[in-house]
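Asks: Here it is, the structure in full.
The values are calculated or read from the model by the stated rules, or taken from the named source; none is laboratory data. Since this is a predicted model, take the numbers as computed values, not measurements. For neighbour counting, all protein chains shown are included, and Cβ atoms are generated from backbone atoms with ideal geometry for every residue, glycine included. What goes into the accessible areas is simple: the full protein's heavy atoms, side chains included, and nothing from ligands, DNA or RNA. Shrake-Rupley method; radii C 1.70, N 1.55, O 1.52, S 1.80 Å.
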Amino acid sequence: MVEELLTAAAAVGTASVVYVAAAVRIVKQYERGVVFRLGRLLDGVRPPGLTMIVPFVDRMHKVNLQIVTMPVPAQEGITRDNVTVRVDAVVYFKVVDPPSALIKVEDYKFAVSQMAQTSLRSIIGKSDLDDLLSNREKLNQGLELMIDSPAVGWGVQVDRVEIKDVSLPETMKRSMARQAEADRERRARIINADAELQASKKLAEAAHQMADAPSALQLRLLQTVMAVAAEKNSTLVLPIPVELLRFLERGQEQDGKHPPPPALDT
């Protein structure tokens, strides 16, 4: 009789241990447990820590609440200004409603990935090339709104969407390089022309100053001679005063006005 009781107690103890082992579940801090009893969803989610379920009756699914970083494969499309580009992006999202993420969509990660790809192609078709290259912040916001709108019904919240890279055809890259080179050359010519204009104004002011003070011209000539002599070359500079040239011009003009007298016949 005692042996039978001990055997029964051992069997009950073993069954209890097996039952507890089958019923115990551990939910991590970044997870939530969703329990289905005979296929029906139980109200509420299981918090982190140790939890119990009914073995062979309940089935618990753990849902990760961490932010998921999902790269969006490069999508090829034609922009609004008829340029073929390849654009890739990255999506950051997390689950905010675990029961909806399990019930309302078969695979929420795959669904978000497909929605991100279709939204990215749509953004490419609605944007110009300049917007894709320089106005990405606005496109990121529009892309995030397009993905987040259907994802809310799946218990998923999109935190951020970033366009990573825009690949252009080689012909377009060469065209843009030529355009940038032409624009820089145009700006260089404008700067040179502006410098010439300013220099001409300064030279005109200097000419007026030298006209008022003729000795300034002589000093300038001496400075030029000193600058040439400092180079230690064999060049010989002979400055000629401008007044001498003007005197010679006036002499030629007077000779032209008074022709020589005719020769006398003998």
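Asks: How high is the FRET efficiency from residue 76 to residue 188, r the C-beta distance, R0 51 Å, rounded to 0.05? Walk me through the intermediate numbers first.
Replies: Working: r = 37 Å, r/R0 = 0.73.
That pair, residue 76 with residue 188, gives E of 0.85.
Asks: Still on this model: Excluding residue 101 itself, what net charge comes from residues whose Cβ is under 11 Å from its Cβ, given Lys and Arg +1 and Asp and Glu -1?
Replies: Once positives and negatives cancel, what remains is +1.
Asks: Suppose every K and R has +1 on its Cβ and every D and E has -1 on its Cβ; what is the size of the dipole of the chain about the Cα centre, in Debye to the nearest 20? List each step's numbers first, then the result.
Replies: On the way: 33 positive and 34 negative charges, 160 e Å.
Dipole size: approximately 760 debye.
Asks: Could you bin all the Cα-Cα distances of the stretch 108-173 into 10 Å bins starting at 0 and give me the percent of pairs in each, rounded to whole numbers?
Replies: Binned Cα distances yield the sequence 19, 50, 23, 6, 1.
Asks: Take the chain, mark every one of the GluC sites (Glu not before Pro) that falls in a DSSP loop and has at most 13 other Cβ within 10 Å, then report the longest stretch left between them, sites excluded. Walk me through the numbers before you get to the answer.
Replies: Working: sites that count: 106, 231.
It runs 107-230.
Asks: Between the helical axis of 136-151 and the dominant principal axis of the chain, each derived from Cα atoms, what acute angle in degrees is found, rounded to the nearest 10?
Replies: Relative to the chain, helix 136-151 is tipped by roughly 20 degrees.
Asks: Bin width 10 Å, origin at 0, all Cα-Cα pairs of the chain: what percent of pairs per bin?
Replies: Using 10 Å bins, I get a P(r) of 5, 14, 13, 11, 9, 8, 8, 8, 6, 5, 4, 3, 2, 1, 1, 0, 0, 0, 0 for the chain.
Asks: I'm checking a number: the convex hull volume of the Cα atoms of the stretch 20-146, normalised per residue, in Å³. What is it? Show your work: numbers first, answer last.
Replies: Values: hull volume 14.1 nm³, N = 127.
Taking only Cα atoms, the stretch 20-146 has a hull volume of 111 Å³ per residue.
Asks: Step through the table entries 62/94; 138/164; 126/164; 109/138; 62/109; 62/104, compare each Cα-Cα distance with 20 Å, and write down the pairs that go over it. Walk me through the numbers on the way to the answer.
Replies: Values: 62/94 14 Å; 138/164 14 Å; 126/164 18 Å; 109/138 25 Å; 62/109 15 Å; 62/104 16 Å.
With Cα atoms farther than 20 Å apart: 109/138.
Asks: On to the next question. Report the net charge of residues surrounding residue 52, where surrounding means a beta-carbon distance below 11 angstrom and charges are Lys +1, Arg +1, Asp -1, Glu -1. Walk me through the numbers before you get to the answer.
Replies: Working: positive: 25, 46; negative: 58.
Neighbour charge sum, excluding residue 52 itself: +1.
Asks: What size of dipole, in debye to the nearest 20, comes out for the stretch 90-186 about its Cα centre when the only charges are +1 on Lys and Arg C-beta atoms and -1 on Asp and Glu C-beta atoms? Write down the numbers at each step before the final one.
Replies: Values: 14 positive and 16 negative charges, 30 e Å.
Rounded to the nearest 20 debye, it is 140 debye.
Asks: If you roll a 1.4 Å probe over the stretch 135-199 with all protein chains in place, what percent of the accessible area is carbon or sulfur? Walk me through the numbers on the way to the answer.
Replies: Numbers: 2350 of 4510 Å².
The value for the stretch 135-199 is 52 percent carbon and sulfur by accessible area.
Asks: Assigning unit charges at the beta carbon (Lys, Arg +1; Asp, Glu -1) and nothing else, what dipole magnitude in debye, to the nearest 20, does the stretch 15-106 show about its Cα centre?
Replies: Numbers: 12 positive and 8 negative charges, 76 e Å.
Using Cβ point charges on Lys, Arg, Asp and Glu, the stretch 15-106 gives about 360 debye.
Asks: Something else now. Between 44, 64, 26, whose Cα lies farthest towards the positive end of the dipole of the stretch 1-70 when Lys and Arg beta carbons carry +1 and Asp and Glu beta carbons carry -1, centred on the Cα centre?
Replies: Result: 64.
Asks: Enter the accessible area per residue of the chain (Å², integer; probe 1.4 Å; all protein chains in place). Display every interim value, and only then the final one.
Replies: Working: 19200 Å² over 266 residues.
With the other protein chains kept in place, the chain gives 72 Å² per residue.
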